[in-house]
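Comments concern the structure below.
No lab work stands behind these numbers, since they all come straight from the coordinates. Everything quoted here is computed from the prediction, not taken from an experiment. Note that we place each Cβ from the backbone using ideal geometry, even for glycine, and neighbour counts take in every protein chain shown.
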Amino acid sequence: MRTIFEEPQGRSEGILPSLDVPEEGASRLLGEGLLRSVPARIPELSEPTLARHYARLARANYGVDDGMYPLGSCTMKYNPKIDEDLARLPGFTGLHPLADPELAQGALRLIYELSRLLAGIAGLPAVSLQPAAGAHGELTGMFIIKRHFEERGEGERRRILLPDSAHGTNPASAATAGFSVTEIPSDGEGMVDLAALKDALDHTVAGIMLTVPNTLGIFEERIIEITELVHRSGGLCY
């Protein structure tokens, strides 16, 4: 698999028409200080070669329509095509983010009703739909956990536990929220090592970030035991 810069090189161009304006040198127009000392490494390819190169790369892509893909947030999971069609309705795609609320009542109503439905399903008093993506949602969750313990007077809880299989945005989100990160090793089956988890739990642990299935695509079979251990220690689970 070659990059575009590795494709066979060689000038390939049509016949350019004669200039109808005076020709000026680049050094005179731009000055010597703005000129490159060596030519730019720009591929010189014919249009068919260019089109075939990117078509070949496209055929090599692998995504949720092709098979199991455990990485990433819900935006990278399989979404029903009818939902994709609805999300592309002009009323959504054409709505400016800074539009007056009077002009966005339809979208605001949908957001409100969805938040109430999610709150009812989760048994929570409120739900925020402000986070724009998976990592943004992680950061929001970390800030909520942080405020939870601050209001309980447990400011010493400043550690977040993370399995060593965690996606890189997990430790980044925890650290950005002001937590220190403790890595929990995986066992031989690619799941959280329960003995290591028990050893890491104490009064400084704010919670654990855990994906099910994990980043390796493995379902945490002991997820209930994991959450019970963290809860008994006074921590929360994300």
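Rounded to the nearest 0.05, what FRET efficiency do Glu221 and Asp65 give with R0 = 30 Å and r taken as the Cβ-Cβ distance? Could you check? Write down the numbers at each step before the final one.
Numbers: r = 28 Å, r/R0 = 0.94.
Computed FRET efficiency for Glu221 and Asp65: 0.60.
If we sort 204-211, 108-115 on the protection proxy, mean other Cβ atoms within 10 Å, highest first, what's the order?
Values: 204-211: 22.2, 108-115: 12.0.
Ranked from most to least packed, the peptides come out as 204-211, 108-115.
Calculate how many DSSP beta bridges within the chain are antiparallel, expressed in % of all such bridges and rounded to the nearest 5. Before the final figure, lay out the partial values.
Details: 1 of 11 bridges.
Expressed as a percentage, antiparallel bridges in the chain total about 10.
For Lys77, give me every one of the aspartates and glutamates with a C-alpha distance below 19 angstrom, ignoring sequence neighbours fewer than eight places off in its own chain.
Asp65, Asp66, Asp85, Glu138, Glu220
Under a Cβ-Cβ cut-off of 15 Å, what is the net charge of the residues other than Ile208 that fall near it, where Lys and Arg count +1 and Asp and Glu count -1?
Numbers: positive: Lys146, Arg157, Arg158, Arg159, Lys198, Arg222, Arg232; negative: Glu138, Asp164, Glu183, Asp193, Asp199, Asp202, Glu220, Glu225, Glu228.
Computed value for this residue: -2.
At a Förster radius of 41 Å, what calculated FRET efficiency corresponds to the Cβ-Cβ distance of Ala172 and Glu44, to the nearest 0.05? Can you show the working numbers first?
On the way: r = 41 Å, r/R0 = 0.99.
Calculated value: 0.50.
About the Cα centre of segment 134-237, what is the dipole size in debye to 20, counting +1 per Lys and Arg Cβ and -1 per Asp and Glu Cβ, all else neutral? Mind dumping the intermediate values first?
Values: 9 positive and 16 negative charges, 89 e Å.
Charge dipole of segment 134-237: 420 debye, to the nearest 20.
If you place +1 on the Cβ of every Lys and Arg and -1 on the Cβ of every Asp and Glu, how big does the dipole about the Cα centre of the chain come out, in debye to the nearest 20? Working shown, then result.
Numbers: 22 positive and 33 negative charges, 36 e Å.
Here the chain has a charge dipole of around 180 debye.
Residues with beta-carbon under 9 Å from that of His53, excluding His53: net charge, scoring Lys, Arg +1 and Asp, Glu -1? Intermediate values should be presented prior to the final figure.
Working: positive: Arg2, Arg52, Arg56; negative: Glu7.
Charge balance in the 9 Å sphere: +2.
Name the residue farthest towards the positive end of the dipole of segment 134-237 from the options Phe143, Gly207, Gly190, assuming +1 on Cβ of Lys and Arg, -1 on Cβ of Asp and Glu, about the Cα centre.
Result: Phe143.
About the Cα centre of segment 67-129, what is the dipole size in debye to 20, counting +1 per Lys and Arg Cβ and -1 per Asp and Glu Cβ, all else neutral? It would help to have the intermediate numbers written out before the result.
Values: 5 positive and 6 negative charges, 42 e Å.
Result for segment 67-129 is approximately 200 debye, rounded to the nearest 20.
Sequence-distant or interchain residues sharing an amide H contact under 5 Å with Ile184, placed H: which?
Placed amide hydrogens put Leu162, Asp164 under 5 Å from Ile184.
Could you give the length gained by full extension between Val212 and Ala126, i.e. 0.36 nm per residue of separation minus their alpha carbon distance, to one decimal place? Mind showing how you got there, number by number?
Values: separation 86, 0.36 × 86 = 30.96 nm, distance 2.34 nm.
The Val212-Ala126 span can extend by a further 28.6 nm.
If packing is taken as the average number of other Cβ atoms within 10 Å across a peptide's residues, how do 156-166, 120-130, 47-57, 180-190 rank, most packed first? Working shown, then result.
On the way: 156-166: 20.5, 120-130: 9.5, 47-57: 11.7, 180-190: 14.1.
So the order, starting with the most tightly packed, is 156-166, 180-190, 47-57, 120-130.
Could you tell me which residue out of Pro97, Ile111, Tyr69 lies farthest along the dipole of segment 67-129 toward its positive end? Charges go on the beta carbon: Lys and Arg +1, Asp and Glu -1, centred on the Cα centre.
Farthest towards the positive pole: Tyr69.
Kindly write out, for segment 167-182 in residue order, the coupling ³J(HN,Hα) from the Karplus curve 6.51 cos²θ - 1.76 cosθ + 1.60 (θ = phi - 60°), rounded to whole Hz, with x marking Gly and Pro.
Going residue by residue, I get 5, x, 5, 4, x, 5, 5, 5, 5, 5, 7, x, 8, 8, 10, 10 Hz, with x marking Gly and Pro.
Can you list the lysines whose alpha carbon sits under 26 Å from that of Lys146, skipping same-chain ones fewer than 8 residues off?
Within the straight-line cut-off, Lys146 pairs with Lys198.
For the residue pair Ala26 and Leu95, what label-to-label distance in nm results when each label sits 7 Å from Cα along the Cα-to-beta-carbon direction?
Output for this residue pair reads 4.8 nm.
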